[in-house]
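In what follows, a single structure is set out as structure tokens and then discussed.
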Amino acid sequence: MADPKVIFAAALKVNSSAVSVAHNHPSGNHVPSKADIDLTRKLKQEEQFLDLPILDHLILSKESYYSFAATLERTRGFFSPFFLFAPTSIHIHVKLTLTL
């Protein structure tokens, strides 16, 4: 499981003003697990202490994705222009190298 301390440390090291977290589910199931939900909850609780907002936690699969932020906006009924054009499937290729 990802460690919120490591995520925030990496963001602070490069002077980030906000953070989006993403990971894949190779199984193709983009539904968040209990561990995904717990991690998101921890990140959202801790963001206030560092003044480093968590914008989203994305779960990517081959054919689709899950966005915690978009789901929250839909379930609360708030309009958010950031998620107005969210596609039903996406293809993202990211290479991330992190040295701490």
**Report entry** Pairs where the first residue, in segment 26-53, is among the small types (Gly, Ala, Ser) and the second is surrounded by 12 or more Cβ atoms within 10 Å (Cβ to Cβ), C-beta under 9 Å, 6+ apart
**Finding:** Ser27/Ser61; Gly28/Ser61; Gly28/Lys62; Gly28/Ser64; Ser33/His25; Ser33/Ile59; Ala35/Ala2
**Report entry** Every pair of residues 6+ apart whose Cβ atoms lie under 6 Å, when the first sits in segment 64-83 and is farther than 17 Å from Asn24 by Cα while the second is surrounded by 15 or more Cβ atoms within 10 Å (Cβ to Cβ) and at pLDDT 65 or above
**Finding:** Ser80/Glu73; Phe83/Ala70; Phe83/Glu73
Query raised in the report: When you look at Ala22, is it within 16 Å of the chain's Cα centre (by Cα), small (Gly, Ala, Ser), at pLDDT 85 or above and part of a helix (DSSP H, G or I), yes or no?
Result: no
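The values are calculated or read from the model by the stated rules, or taken from the named source; none is laboratory data. Computed from a predicted structure; not experimentally measured. So basically every Cβ, Gly included, is an ideal-geometry build from the backbone, and we count neighbours across all protein chains shown.
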